[in-house]
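J.: Please find one structure pasted underneath; my questions will follow.
The values are calculated or read from the model by the stated rules, or taken from the named source; none is laboratory data. Keep in mind it's a predicted model, so treat the numbers as computed, not measured. Ideal geometry is used to build each Cβ from the backbone, glycine not excepted, and the neighbour counts take in all protein chains shown. In case anyone asks, the SASA skips ligands and DNA or RNA and just uses the protein heavy atoms, side chains included. Shrake-Rupley method; radii C 1.70, N 1.55, O 1.52, S 1.80 Å.
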Amino acid sequence: MKRTATLGICGLALALGLVTACGSGDEAGGGDGGGSREVTLVTHDSFLVSDDVLARFEEESGYRVNVLRGGDAGVVVNQAVLSRGNPQGDVLFGVDNTLLSRALDEDVFEPYEAAGLDAIPAELRLDDENRVTPVDTGDICVNYDRAWFAEEGIDPPETFADLTDPAYRDLLVVENAATSSPGLGFLLATVATFGEDGWQDWWQQLADNGVEVVDGWEQAYNERFSGSGQGGDRPLVVSYASSPPAGVVYGGEERPDEAPTGVSTGTCFRQVEFAGLLAGAENPEGGRALLDFLIGRDFQEDMPLQMFVSPVLPDAALPEEYTRYGVTVDDPVTMDPAEIAEGRDGWIDEWTSLVVR
């Protein structure tokens, strides 16, 4: 997504040879080096939009969109903080509820109430100053390779507690919580589950059980996860509840009875992704038009089979493949944004000492 991204579907598409789906920013509509009719979207590697949907926005608005991808969402947000006031583009998409307070505290965004914002559920609008606009939701969860577990005759894990069982030794790969938004979301889920005084012991047990840590989603899913079909040898990975339909859609024309990957629904954390107008943007008018587009029906109904995340527009239509192969998580782990803001940096430092160093 991601994520994103969010899910990282762009990386999955690249790994499967679908290069045309994941072009450079110039291919997405930029190319003249700037100007008032070009608007630049700074985002993570997992951002995708259908060519016809983007072309329709460009024709109707008169703005040409330059997409500037900068790695995992955590890296993109950190770069935005470092370049605040002199941003790389006009709009940033991909900051999520795990990193939102960092961006807001550093004055990365300017307020703007996007057209149609009132249709989005209030519980997703986490900033009352409208410095960011909610665009999508997703659930960060452990995914498993169905074929591997069937061949080994082992039941896949269902909960966080299961993951420390010796039966799953050397099977799980996770993303670094300091550099990756899904990695951070997974860490926050364990803090919420085991408590301030218990999550450290759980992670120590997971480290003793052979967990592997990599920088971001692309490496975890496409290089290390056996279920991606790219040669990885780890049948468990931190990804998204919507990763299974992505594997089906990018796996060929045949539609199997079930997706080749499954989701451990007792390990899920609810993620909300936002976009915002960057402070100091060269083209703020174009940026505002782009924000309107991101929560408009065309983009919202395009997202599920592009980035494999759920729209925030309540009545947006969902494609059949997305609902058929995706997993609905009825009770994901959540955490109040204020609690995340207060504890995040300390938890990351402690986690790094436990698991990485």
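J.: Within the range 129-140, can one find any residue that is small (Gly, Ala, Ser), within 26 Å of residue 176 (Cα to Cα), touching an Asp or Glu at 6+ places or on another chain (Cβ under 8 Å) and surrounded by 17 or more Cβ atoms within 10 Å (Cβ to Cβ)?
T.: yes
J.: Considering only the range 346-357, state which residues are within 15 Å of residue 199 (Cα to Cα) and open to solvent by 70 Å² or more (accessible area, probe 1.4 Å).
T.: Of everything in the range 346-357, those that are within 15 Å of residue 199 (Cα to Cα) and open to solvent by 70 Å² or more (accessible area, probe 1.4 Å) turn out to be 349, 350.
J.: Just to be sure, is residue 253 assigned to a loop (DSSP other than H, G, I, E, B), over 24 Å from residue 168 (Cα atoms) and either modelled with pLDDT under 95 or in contact with a helix residue (DSSP H, G or I) (Cβ under 7 Å, 6 or more places away or on another chain) (or both)?
T.: Criteria met by residue 253.
J.: Output the residues belonging to the range 43-62 that are open to solvent by less than 40 Å² (accessible area, probe 1.4 Å) and more than 22 Å from residue 134 (Cβ to Cβ).
T.: Scanning the range 43-62 gives a single hit, 62.
J.: Tally the residues that are in contact (Cβ under 8 Å) with a residue 12 or more places away in the chain and out of contact with any Leu (no Cβ under 6 Å at 6 or more places or on another chain), restricting the search to the range 348-357.
T.: 6
J.: Sort out which residues of the range 71-98 are crowded, with 24+ Cβ neighbours inside 10 Å, assigned to a loop (DSSP other than H, G, I, E, B) and in contact with a Gly (Cβ under 7 Å, 6 or more places away or on another chain), and write them in order of number.
T.: Across the range 71-98, the qualifying residues are 72, 90, 98.
J.: Continuing with the same structure: Please tell me if residue 334 is surrounded by fewer than 20 Cβ atoms within 10 Å (Cβ to Cβ), closer than 19 Å to residue 259 by Cα and of a type in the set (S, T, N, Q).
T.: So residue 334 does not fit the description; no.
J.: Condition test on residue 341, is it part of a helix (DSSP H, G or I) and farther than 20 Å from residue 53 by Cα?
T.: The answer is yes for residue 341.
J.: I want to confirm something. Restricting to the range 314-331 and keeping residues that are in a loop (DSSP other than H, G, I, E, B) and open to solvent by less than 20 Å² (accessible area, probe 1.4 Å), which single residue is nearest to residue 271 (Cα to Cα)?
T.: 329
J.: So, in the range 99-115, of the ones that are out of contact with any Asp or Glu (no Cβ under 6 Å at 6 or more places or on another chain) and surrounded by fewer than 17 Cβ atoms within 10 Å (Cβ to Cβ), which residue ends up nearest to residue 191 (Cα to Cα)?
T.: Checked the range 99-115; the qualifying residue nearest to residue 191 (Cα to Cα) is 105.
J.: Kindly provide the set of residues from the range 178-195 that are open to solvent by 10 Å² or more (accessible area, probe 1.4 Å) and either at pLDDT below 95 or polar (S, T, N, Q) (or both), ordered by number.
T.: The answer is 178, 179, 193.
J.: Kindly provide the set of residues from the range 214-226 that are touching a strand residue (DSSP E or B) at 6+ places or on another chain (Cβ under 9 Å), closer than 26 Å to residue 76 by Cβ and crowded, with 19+ Cβ neighbours inside 10 Å, ordered by number.
T.: Result: 214, 216, 217, 219, 220, 221, 224, 225.
J.: Continuing with the same structure: Across the range 303-313, which residue is farthest from the chain's Cα centre (by Cα) among those that are outside any strand (DSSP E or B) and not polar (S, T, N, Q)?
T.: 313
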